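Okay, so here's the structure we're looking at.
The values are calculated or read from the model by the stated rules, or taken from the named source; none is laboratory data. Everything numeric in this text was worked out from a predicted model, so none of it was measured. No Cβ is skipped: glycine too gets one built from the backbone with ideal geometry, and neighbour counts run over all protein chains shown. For the accessible areas, the whole protein counts, side chains as well, though only heavy atoms, and no ligand, DNA or RNA atoms are used. Shrake-Rupley method; radii C 1.70, N 1.55, O 1.52, S 1.80 Å.
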Amino acid sequence: MATLVTDVGSSSGAIRTSPFHERTSALNQTELWSHWSNYLAADRYQLSDKAEYFAVRDAAGVFDSSPLFKYRITGRDAEAFLAGMLARDVRTCLAGQAQYTCWLDDRGFVVEDGVVLHPKPDEYLLTSAEPNFAWFADRIGRLEVVIEEVSDDVATLALQGPRSRDLLGRLVPQVQQVPYFGVTAGEIGGSAVTVSRTGYTGDLGYEIWTDAADALRVWDVLWESVEGHGVQAFGLDALSMLRIEAGLLLLDVDFESSRYAWNDAHRSTPIELGWSWMFRDLKNDDRAFVGRRALEREMAGKTSRWAMRGLVVDWRDYDRVYDEAGLIPPKEHTPVLEDWMVYDEAYQRVGYATSFMYSPVLQRHIAIARVGPSFAKPGTTVRLEFTVDHHYEQVAAHVARLPLFNPERKAA
C-alpha cells in the first residue's frame, strides 16, 4: 500500500523562503540570493565569501539546507523497498545511522545521489537535490510502504567545522558520542530535533533536522549559544569552495541525472563517479536492485569510460604561463564550474575537469576531473587547458585521489 502525500507549494513556480529566512535575511548584508528548488538561498552574507569559508575551516559555520527535497519512508517493508531502489545496500544502515547513497536506472546510470537517515526501525528520511517523489512512489507495488513528501515540513540547518562538536554538544550532549554518519535525537530550546553527523563541507559537522514550525526557535537558541566562538553563517559561494576541496560532487556540474541527460555522453555510472566503494561486497549482496545487472557487467568487463579524480596544478608551470603573458598569476578562490579539457603529454585529450578553484587551505589550484582509466593512477602527469589573453594554454597537473582536503577530525 502506498500513501502519496504531495505539497502544491513545492511544485509551484513561486519563489519561496525557507523556515529560517526571517533570520538569514536579517544577516544577509549583500542581499545576494540564488534560487534553489524555488527557495531563496543566500549566496553570501558578507562581502567576503572567503571569510565565511575560513569560518568553517577554522571554527564553525551555519548553513540553511532546508531547500533539499526530503521524503519520509515508513512501514513494515520500508527496508525491503529501499534495498531494491537504492544502489548501496541500505540494510547495512542500522537504526541510528545515516548513509550516502545513489539510485540508478535500468542501464546502470546514476539518477541522483542523496543521504538516507535511519532514525528508528521502519522509518527512513531520504534527501535529494531534485524532485524524486514519483520515481520512488511509482515503484512501491504491493509492498507495505508509505512514502511522504515532507520537504516543506522539515527544516534543516548544518553546523560545520572543527568546533561544531563542542558547540552543538552544549545543547545536545549526546552528539559528543555520535560517530561519523551517526544519527541521534534530542532537543534544542525545547524543540525536538534529529541530529546527524553529516554535511557537504568535508569537515567535522552536523545537520539538525526539526519541524518547520520550530525552526526559528531552534535557530535562535543555537545562534545565541555560538556567539563569541567565531561562528558565521555561510552561503552557497563558500559552500561551493568547501565541497570542491572535499571532492563532493554537485549535480548538473560534475554529473547529470540520467533522466534528463540528452545522451550517454552526459550520463554517468556510479563507478565512473568514484563510488565503487559502495559496492565492495556486491558479490555477497543478494539484492535485486534497479541497475544491478548493468553495474555487474561494467565491473566484470571493466568498461568504465572515466575515473573521477582530483587534479593538483603545478604552480610553477601555472605561474610561467602568466609570466610569459606579462600578467600576475591569479590565485582566484571563486570556483569555475565548467568543462576544462585535460590532455596527456602528447596533447591527446584524456578527460575534462568540471570544478576548478584556488584552494586557500591547500594553497594550490585544484580541480575535480574525469580522466581515462589509464590515467587514474595518483601522480600521473596531465595537462589542464584554459584560456589566457583569449587563447588556449596548457599547464601541468598531477592526478590525485579525492578528497583533496580530508582532515582526520571529519570522521574521528
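Please state the shape class of the stretch 19-174: rounded when a/c is under 1.5, otherwise prolate if a/b exceeds b/c and oblate if not, all from the C-alpha gyration tensor. Here the stretch 19-174 falls in the prolate category. Shape of the stretch 361-402 from the C-alpha gyration tensor: oblate (a/c of 1.5 or more and a/b not above b/c, with a ≥ b ≥ c the square roots of its eigenvalues).
Here the stretch 162-181 and the stretch 384-411 have alpha carbon centers that stand 33 Å from each other. Working from Cα pairs under 8 Å separated by at least six residues, relative contact order for the stretch 89-223 is 21 percent.
For the stretch 212-304, the alpha carbon convex hull comes to 209 Å³ per residue, rounded to a whole number.
Let me make sure I get this right: for the stretch 31-73, a, b and c are the square roots of the gyration tensor eigenvalues over alpha carbons, sorted descending. Under 1.5 in a/c it's rounded, otherwise prolate if a/b > b/c, else oblate. Which is it? In terms of gyration-tensor shape, oblate. Using C-alpha pairs under 8 Å with a sequence gap of at least 6, the mean separation divided by the residue count of the chain gives a relative contact order of 17 percent. Placing unit charges on the Cβ atoms of the charged side chains and taking the dipole of the stretch 302-381 about its Cα centre, the candidate lying farthest along the positive direction among ALA325, SER304, SER374 is SER304. TYR318 exposes around 10 Å² of accessible area when a 1.4 Å probe is run over every protein chain in place. A Gaussian network model of the chain, with springs between Cα atoms under 10 Å, assigns the largest mean-square fluctuation among ARG165, ARG142, ARG91 to ARG142. Heavy-atom accessible area with a 1.4 Å probe sorts ASP43, ASP58, largest first, into ASP58, ASP43. Can you give the FRET efficiency for GLN29 and LEU362, using 1/(1 + (r/R0)^6), R0 = 41 Å, r = Cβ-Cβ distance, to the nearest 0.05? Efficiency at R0 = 41 Å is approximately 0.90. Peptides 148-157, 21-30 ranked from most to least packed, by the mean per-residue count of other Cβ atoms within 10 Å: 148-157, 21-30.
Averaging over all projection directions, the Cα-based convex hull of the stretch 313-412 occupies 7.1 nm² in the image plane. Of the two radii for the chain, the radius of gyration is 0.97 times the Kirkwood radius, both from the alpha carbons; that is the Rg over Rh value. Subtracting the Cα-Cα distance of ASP252 and LYS377 from their residue separation scaled by 0.36 nm leaves 42.4 nm. Here the stretch 61-77 and the stretch 93-128 have alpha carbon centers that stand 11 Å from each other.
Ranking ALA129, ALA233, THR74 by how far each Cα lies toward the positive end of the dipole of the chain (charges on Cβ) leaves THR74 at the top.
Of the solvent-accessible surface of the chain, computed with a 1.4 Å probe over protein heavy atoms with every protein chain present, carbon and sulfur atoms account for 50 percent. Just need log10 I(q)/I(0) for the stretch 80-139 at q = 0.21 Å⁻¹, Debye formula, equal scatterers on the alpha-carbon atoms, no solvent, rounded to two decimals. Taking Cα atoms of the stretch 80-139 as identical point scatterers yields -0.81.
Between ALA412 and THR387, residue separation times 0.36 nm minus the direct Cα-Cα distance comes to 4.9 nm.
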